[in-house]
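What follows is calculated from the coordinates using simple rules that are stated; it is not laboratory data. Because the structure is a prediction, the values reported are computed rather than measured. Note: ideal-geometry Cβ built from the backbone for every residue, glycine included; neighbour counts use all protein chains shown.
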Amino acid sequence: MCALCGVLGGDGHWTDAAPRPGVFTRNTDGLARRRERMARVAVANRILKLYGLSLSDWQGASFVLSTATGKSELVDNLAHLWAAAEKLAGRPCDPLDPAVIARLRDDHG
Amino acid sequence: MDDVPAFTPVNLITGFLGSGKTTLLQRLLDDPAMADTAVLINEFGEVGLDHHLLDRIDDTMVLLPSGCLCCTIRGELSAAIRDLHGRRERGEVPPFRRLAVESTGLADPFPILSTVQADPVLRHHFRWGNIVTTIDAVNGGSQLDRRPESVKQAAVADRLVLTKSDLVTGAQAEALVARLRTINPSAPLVRAAEEPIRADALLAHDLFAASARAEAARRWFTVEEGAQAHGAGVQAFVLALDETVDWTRFGLWLTMLLNRHGEKVLRVKGMLNVEGSDAPVAIHGVQYLVHPPVHMAAWPDDERRSRLVFIVDGLEPAAIEGSLRAFLRR
């Protein structure tokens, strides 16, 4: 693990599981990690735009979540993303909301 | 210290007040298979009651003196496990290979489960093993009616132990078992009054034990597909996907679902056919907590589709399925 992660205590989120025998993770080498982060930002933005939000990578260590007016928050991993998004958007981010499901279907239908 | 596993499994023994946890623990401790197990018991109610019921108290057993586990567990349970871990590292206690934690009857299992994963030290040395839940055949039904934590304890179980079934009629016991099956269809059920209690069968053979993975995973899918209905109450259902799953999209969807509805997702477990991976990936979560995904060596049976078993409280299965499909859509 990198020293920075050590300083921050590491996140340990299941989507970023530490590589060890028997565990599925894309948190293996630098390239795989970077590729996964880019994919994650792209997919997250597809959802976050429904709430007027956008996500960008911050130095490969965190993410910056921003509103259209520039209000922003730093999030470490997916564990914190949705809580931060709800705070910035001022409303629940509910994947079971029929309107959200319909818009995602239209987006790629 | 060579024989200490890299990640010591932690078993939670839970169940409602008076449902026979201590008696179960006592029977387990008589089993020679428990020789390398450390047990953390909680003193609650009558002072030292559980303590005095147990014969095998030694240095590796720690009594938490605080009373209600539910209120104070995060700090204290992690401190107790850290202490045991430290003493094992220093050779002050036998190098136990498994840790069993007895919860109080009123405990919601989730905060106890999150202790290991939330603690920066413990999560590198321990992992969760099977959750064993005792259900009292005499009072279990009314507890399920009245106490939500009782339903939660049954839903999160990997093994169900029906106790005191000798005190009720066969029909009463069967009615309770049928009810437990709607809450938790796949956990093996042991009748403590009629069957032997085997520590190995209850505590080991979980998904994270390499030798037992395929069998543990196969057992999950005893819920029939389409055997779902109603949006109310606790129910289990299977969601199957024919197409391969994009791991990134799935991760974003599940974290979003659990952030908003984790309280109602009592259990999610399953096998994913992840795009770009030959072998399946097993997912296993309790409420807001998801275990590190397990990369299986092979598929457990001929079925190659992704299948997820959900045990939910008041969520509509169709809404969950529609949502996942929309998120995975490209």
Estimated distance in nm for a label pair at B:Arg90 and B:Ala33, the labels positioned 7 Å out from Cα along Cα-to-Cβ
3.3
Using a Förster distance of 30 Å, the FRET efficiency for B:Glu275-A:Asp106 (Cβ separation, nearest 0.05):
0.80
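Which of rounded, prolate or oblate describes segment A:38-82 when judged by the alpha-carbon gyration tensor and an a/c cut-off of 1.5?
Here segment A:38-82 falls in the oblate category.
Can you tell me the FRET efficiency between B:Glu194 and A:Ala42 if r is taken as the Cβ-Cβ distance and R0 is 35 Å, rounded to the nearest 0.05? Write out the running numbers ahead of the final one.
Working: r = 56 Å, r/R0 = 1.61.
Given R0 = 35 Å and the Cβ-Cβ separation, E is 0.05.
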XL table A:Lys71/B:Lys264; B:Lys152/B:Lys269; A:Lys49/B:Lys269; Cα-Cα > 20 Å flagged, in table order, is A:Lys71/B:Lys264; A:Lys49/B:Lys269
Per DSSP helix of 4 or more residues, -39500 (n - 2.57); summed, then divided by the residues of chain A. What does that give at 222 nm, rounded to the nearest 500?
-13500 deg cm²/dmol
Can you compute the charge dipole magnitude of segment B:235-309 about its Cα centre, using +1 on each Lys and Arg Cβ and -1 on each Asp and Glu Cβ, nothing else charged? Give it in debye, rounded to the nearest 20.
400
Candidates A:Lys87, A:Lys71, A:Lys49; GNM for chain A (alpha-carbon contacts under 10 Å) flags as most fluctuating A:Lys71
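Could you give the size of the charge dipole of segment A:30-108 about its Cα centre, using +1 on the Cβ of each K and R and -1 on the Cβ of each D and E, expressed in debye and rounded to the nearest 20?
The calculated dipole for segment A:30-108 is roughly 220 debye.
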Let me make sure I get this right: for segment A:55-109, a, b and c are the square roots of the gyration tensor eigenvalues over alpha carbons, sorted descending. Under 1.5 in a/c it's rounded, otherwise prolate if a/b > b/c, else oblate. Which is it?
prolate
How far apart, in nm, are the 7 Å Cα→Cβ label points at B:Arg330 and B:Thr182?
4.1
On average, how many beta carbons from a partner chain sit within 10 Å of the beta carbon of a residue in B:313-326?
3
Which cross-chain or sequence-distant (5 or more) residues have an amide H under 5 Å from the amide H of B:Arg127, H modelled 1.01 Å from N in plane?
B:Thr8, B:Val10
